[in-house]
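The values are calculated or read from the model by the stated rules, or taken from the named source; none is laboratory data. Keep in mind it's a predicted model, so treat the numbers as computed, not measured. Heads up, the Cβs are rebuilt from the backbone with ideal geometry, glycines too, and the neighbour counts pull from every protein chain shown. For the accessible areas, the whole protein counts, side chains as well, though only heavy atoms, and no ligand, DNA or RNA atoms are used. Shrake-Rupley method; radii C 1.70, N 1.55, O 1.52, S 1.80 Å.
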Amino acid sequence: MDAHDTSRQGRWRALFISDIHLGTRSCKAGELLAFLKSQRADRLYLVGDIIDGWRLKRRWYWNAQQQAVLDEILDQARSGTEVLYIPGNHDEAFRPYAGLNLAEIDIREAAIHETADGRSFLVIHGDMFDGAARWGRIVSRLGDWAYDATMWTSDRLAATRKAMGLSHWSLAQHLKRTAKTALEIIGRYETAAAREAAARGFDGIVCGHIHKAALKRVYGVTYANDGDWVESCTALAESADGRLVLLDTR
């Protein structure tokens, strides 16, 4: 049965992560590096927005921890982990290289994942299910600017709470849980993604893009969103028996 877990150590048949946004100050590279070093999988899916090309074009930012994350992924690929990279909209510059293998990493437009219990999942970043992304680059980038402002505020509130000895709390995640418009957008996104999987005959879909981890039944299929490493620091994993698990590192 699909589940949610807060485990920090494991050996998995497959591991799915997305929306790391390397190249931004909001990227939780230190937490992701610790996670990657504590987890091992036969297959690692990088489900888009690994590097934030949009941000790097505007202003270069790249620290030692972010380089260490990239080095760890490359080390795992060289050490026998099968790594599949499915670029998203923020790292769309890599999409023309789909079908190539670079540094032991297979680049794909999308992938089909077969679980140990025989289910088939479409693995795709998911920006095509986002109305703003489909309406055009200008609208998408306006949304990106607003998101940056929210994350700037959220990160500073989190830092203040940590300094005061309080538990982690994310303004961005709170807004997603409580704002009616945000909930409607997320709901439409989840339905669109699930309908696409059902229409193509899959048992489910694994995606990212909206920075909202989820594992549930939608439109008759399993909808799995692995979340992000900017706000929630979550991943999706498959156990040896085919069970899907959401990993919450916080």
Of the residues in the range 75-88, those that are over 15 Å from Phe16 (Cβ atoms), in contact (Cβ under 8 Å) with a residue 12 or more places away in the chain and open to solvent by 40 Å² or more (accessible area, probe 1.4 Å) come to Arg78
Here's a check for you: in the range 179-218, which residue that is touching a strand residue (DSSP E or B) at 6+ places or on another chain (Cβ under 7 Å), assigned to a loop (DSSP other than H, G, I, E, B) and at pLDDT 95 or above is least open to solvent (accessible area, probe 1.4 Å)?
Gly208
The condition from (1) modelled with pLDDT of 95 or more; (2) farther than 26 Å from Ser239 by Cα that Trp54 misses is numbered (1)
Filtered residue count, the range 235-250, keeping only those that are open to solvent by 10 Å² or more (accessible area, probe 1.4 Å) and within 18 Å of the chain's Cα centre (by Cα)
4
Restricting to the range 115-138, name every residue that is at pLDDT 95 or above and surrounded by fewer than 13 Cβ atoms within 10 Å (Cβ to Cβ).
Asp117, Gly118
Looking only at the range 100-107, decide whether some residue is modelled with pLDDT of 95 or more, of a type in the set (S, T, N, Q), surrounded by fewer than 16 Cβ atoms within 10 Å (Cβ to Cβ) and within 19 Å of Gly227 (Cβ to Cβ).
no
Strands (runs of 3 or more DSSP E) completely within the range 1-108 that count 2 or more residues being of a type in the set (Val, Ile, Thr) and touching a strand residue (DSSP E or B) at 6+ places or on another chain (Cβ under 6 Å):
105-107
